[in-house]
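Notes for the one structure printed next.
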Amino acid sequence: MEDKKLSLPKTIKVGPHTVTIKYVEVPDCSEPGEFIFGSWCIQDLEIQIREGLEPSLEWETFWHEVMECINEMTDADIPHHFIQTFGLLLAGITGGMKICECQGLGKTESTHLAAK
Ligand SMILES: [Zn+2]
């Protein structure tokens, strides 16, 4: 397993929708003085991730917001502690995977997950 930082994908597909993943200094939904790690906006089909997080926290935030996205798109009404739990577990599962077309790497290959 590589020990260098693996970057988040630039986009993901959720059903027919392409969701953009964007690094931001402070997520749009932050209130002044509030510190949040990420946000999901259905109107823009965009997940925002706070810049500069530790890699493990960045991946957990990514999966948390993917779960928020799925929850809203499906109107599943998943309790937030389940979203938190699955975000944590999915980050653990994907921790050893290489994801192509990653931000910062400039790759334009396929977007599939490839076991590493
Ligand atoms: Zn949440």
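Read-outs throughout are calculated quantities, based only on the coordinates presented, and are distinct from any laboratory measurement. Model, not experiment: these values are computed from the prediction. Note: ideal-geometry Cβ built from the backbone for every residue, glycine included; neighbour counts use all protein chains shown.
In the stretch 32-63, which GluC sites (Glu not before Pro) are in a loop and have at most 12 other Cβ atoms within 10 Å, using DSSP for the loop call?
GLU34, GLU51
Take THR74 and TYR23, extend 7 Å from each Cα along the Cα→Cβ direction, and tell me the distance between the two endpoints in nm.
Calculated label separation equals 3.1 nm.
Can you work out ³J(HN,Hα) from phi for every residue in the stretch 19-24, in order, using Karplus 6.51 cos²θ - 1.76 cosθ + 1.60 and θ = phi - 60°, giving whole Hz and x for Gly and Pro?
For the stretch 19-24, the Karplus curve yields 9, 8, 9, 10, 7, 9 Hz.
Can you list residues whose amide H is under 5 Å from LYS10's amide H, if they're 5+ apart or on another chain and H is modeled 1.01 Å from N?
Under 5 Å from the amide H of LYS10: GLN103.
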